[in-house]
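Here the structure comes first, spelled out in structure tokens, and everything after it is commentary.
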Amino acid sequence: MNICGVEWKNPVATAAGVFVCAESSKYFDPAALGAVTTKGVSAEPWAGNPTPRIAETPSGMLNAVGLENPGVDAYIAGELRTLKERGATVVANAAGHSEDEYVEVCRRLDATDVDMIELNVSCPNIREGGMAFGTDARTVERLTKKVRSITDKPLIVKLSPNVTDITECAVAAERAGADALSLINTMLGMRIDRGTGKPVLANLTGGLSGPAIRPIAVRMVYETARSVSIPIIGMGGIMTGDDALEFLLAGASAVEVGTAALIDPSAPVRVSRELNELLSDPLIAEVLDEARRKRPKAFC
Ligand SMILES: Cc1cc2nc3c(=O)[nH]c(=O)nc-3n(C[C@H](O)[C@H](O)[C@H](O)COP(=O)(O)O)c2cc1C
């Protein structure tokens, strides 16, 4: 299949933040997926947040890892190079503390053979950048425009669910030249330890992911698919091929698997296999075709 001019072997990718080539490739061949989305990278190395930064929740988890990463130059020389040598289709997730930093990261990525850039304007776990950019449609539009002006790489804007109406940011990103949208990032949440009365996470709040957010993600993909005509990559709590199919029926062209890979590292390839089996059923294929006829531009 083709997403914004890039060939994907199938409609399933890893979501940013759960794939590390050295670890994940012990469980599956990264080139077997539609694409591999890597952890957010910033211009300079970023230490991330203090611990504890992970907590379990009913049907999900909270994380406040922050955008811990070695910086874009180390990413290009290390993770990106290894993945390209292995034949994977790579989506680089770009982050920053400021609009200038986002632009700088994307400028450096533009000079590489990365296949696509995903602009993470939606991380809830950092004080500057991230969600601060992704919850205001005007900021999403301005930032997307700036990045669009310095790269011809296919540009995906990753949207935050921590808004009243996600379609406002979706429309703004499309207007500014995004080639595709990905949604949803994590939902802002919190846990308090009843023994100490204190927040469980050192960051106080974290991003909720996993099956707990799936119905919200499906709803947001559905609404967004009816507001824009660019392709949508859907995610949020996908554990099985059946879950992935639900996102395709809501209007997504492809999906990403995140938290499931922290429980079962081979989940992305299993989801891909299960989805493929489902799509080979003529009745299911017909229902999906019918759903897709409503937004033909995204699937041409
Ligand atoms: C531990 C962890 C780290 C994450 N890091 C990033 C990141 O660096 N950039 C980003 O855009 N999203 C990040 N995410 C969000 C996921 O990519 C995804 O949007 C979200 O978790 C919902 O999908 P899921 O329920 O399948 O995990 C992270 C999620 C988790 C759980």
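Among the residues of the range 189-243 satisfying the criterion of being basic (Lys, Arg) and in a loop (DSSP other than H, G, I, E, B), which is nearest to the ligand (Cβ to nearest atom)?
Checking each candidate, the answer is 191.
Taking residue 259, is it near the ligand (Cβ under 9 Å from one of its atoms) and open to solvent by 20 Å² or more (accessible area, probe 1.4 Å)? Spell out the reasoning first.
Values: near the ligand (Cβ under 9 Å from one of its atoms): yes; open to solvent by 20 Å² or more (accessible area, probe 1.4 Å): yes.
Spelling it out, residue 259 is indeed near the ligand (Cβ under 9 Å from one of its atoms) and open to solvent by 20 Å² or more (accessible area, probe 1.4 Å).
Search the range 1-48 for residues being more than 15 Å from the ligand (Cβ to nearest atom) and among the hydroxyl-bearing types (Ser, Thr, Tyr), and hand back the single one that is least open to solvent (accessible area, probe 1.4 Å).
For the range 1-48, the residue satisfying everything is 25.
Within the range 262-281, how many residues turn out to be within 15 Å of the ligand (Cβ to nearest atom), among the small types (Gly, Ala, Ser) and not in a helix (DSSP H, G or I)?
1
So residue 264 ticks every box in (1) in contact with a Lys or Arg (Cβ under 9 Å, 6 or more places away or on another chain); (2) within 16 Å of residue 28 (Cβ to Cβ); (3) buried (at least 16 other Cβ atoms within 10 Å of the Cβ) but one. Which box is left unticked?
(3) is the only condition that residue 264 fails.
The values are calculated or read from the model by the stated rules, or taken from the named source; none is laboratory data. It should be emphasised that the depicted structure is a prediction, and the values quoted were computed from it without experimental measurement. Glycine also receives a Cβ, built like all others from the backbone with ideal geometry; neighbour counts cover every protein chain displayed. Just so you know, the surface numbers come from the protein's heavy atoms only, side chains and all, with ligands and any DNA or RNA stripped out. Shrake-Rupley method; radii C 1.70, N 1.55, O 1.52, S 1.80 Å.
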